[in-house]
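Following: one structure in structure tokens, then a few remarks.
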Amino acid sequence: MIITKIKGGLGNQLFQYATGRAVASHHKLPLKLDLTWFETHKLHNGYRLDQLDIQADIAIKDEIINMKGGNNVLFSALRKAGLVKRRSYFKQKNSSYFDASIFKNNFIYLNGYWQNELYFSNIRELLLRELSPINSMNDFGCAYLENIKNSNSVSLHVRRGDYLNLKNIGVLDVDYYTKAVEYIIKNVENPTFYIFSDDLEWCKNSLGFLGDCIYVDRTQTEIDDLKLMSSCRHNIIANSSFSWWGAWLNQNPKKNVIAPKGWFLNDPESSKVILPDWVRF
């Protein structure tokens, strides 16, 4: 049995699912998801993978306890101190470090963020099918999509919101977006920029150099935004797992993806999340 813990926002959930799905596929086993994190955490919009065509069941509590042990504070403290160990429980040590050993065990509970494409690059075609929305977009979303498909579209994602209070991450400044846009203009004929953000007002006040661009503000959910970003021909991403997936799901073989050099301020190794063929600024 393969169980993976799902936590965080949609981008993190996608990394956790993709890695769990890769391990399960390697052993030709079904994947189960531990959703208990959402019982006590109400961040973002909660569990969102049920809006995609994923192939996984929800793990019941007995299955979770059997593989990871108790879920109370005492047991968690003992496990963290190394006093209680289970061969089936695997907690990631670094969010973007690739550890191939997770593929060795066919009875494993995965707890981590797994922000490294090496975990699931070999099942890309499978994930492209499964990470597709099961619900249709509204009329506005469909109109955006039609225009995106008929232009040299470039998604530009700005993540602010909760990042403003997370000192270990860092909010990207205007200079990054200026350089990224300059690169696109030099390498893409007549680009049309589509702006995605949790702070569109800041974008309108700070990204005036873009000129005639399109602010995506009439979609229903972040699932729609992800679909639209991945449908753009090129991508300018933030240091955000959400726009990372928008670029990764982009199937244009000639896409330009612009990414920040650093990912998390307090973790230089986190830059490993960025793919080698992406352009860094």
Between Glu269 and Asp139, Cβ-based FRET efficiency (R0 30 Å, step 0.05) works out to 0.10
Compactness check, region 139-192: C-alpha Rg relative to the 2.2 N^0.38 Å globular estimate gives 1.47
Under Stokes-Einstein, region 154-281 at 20 °C and 1.002 mPa s, with its Kirkwood radius over C-alpha pairs, diffuses with a coefficient in µm²/s of 146 µm²/s
Charge tally for neighbours of Ser270 with beta carbon under 14 Å away, counting Lys, Arg as +1 and Asp, Glu as -1, is +1
With the chain reduced to its Cα atoms and the Debye formula applied, log10 I(q)/I(0) at q = 0.08 1/Å amounts to -0.35
Protection proxy (average C-beta count within 10 Å per residue), highest first, orders 35-45, 198-208 as 198-208, 35-45
Heavy-atom accessible area of region 86-191 with neighbours in place, 1.4 angstrom probe: carbon+sulfur share in percent works out to 48 percent
Expressed per residue, the solvent accessible area of the chain in Å² (1.4 Å probe) is about 50 Å²
The aspartates and glutamates whose Cα lies under 17 Å from the Cα of Lys149, excluding any fewer than 8 residues away in the same chain, are Asp139, Glu189, Asp224, Asp225
Length gained if Ser151 through Glu182 is fully extended, taking 0.36 nm per residue and subtracting the Cα-Cα distance, is 9.3 nm
Reported to the nearest 10 Å², Leu118 has, with a 1.4 Å probe, an accessible area equal to 100 Å²
Of 144-155, 159-170, ordering from highest average Cβ density within 10 Å down gives 144-155, 159-170
Partner lysines whose C-alpha sits under 17 Å from that of Lys91, ignoring same-chain residues fewer than 8 away, are Lys5, Lys7, Lys32, Lys68, Lys80, Lys104
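The values are calculated or read from the model by the stated rules, or taken from the named source; none is laboratory data. From a predicted model like this one, the values you see are computed outputs, not experimental measurements. Cβ atoms come from the backbone with ideal geometry, glycine included; neighbour counts cover every protein chain shown. Calculation scope for accessible area: heavy atoms of the full protein, side chains included, ligands and nucleic acids excluded. Shrake-Rupley method; radii C 1.70, N 1.55, O 1.52, S 1.80 Å.
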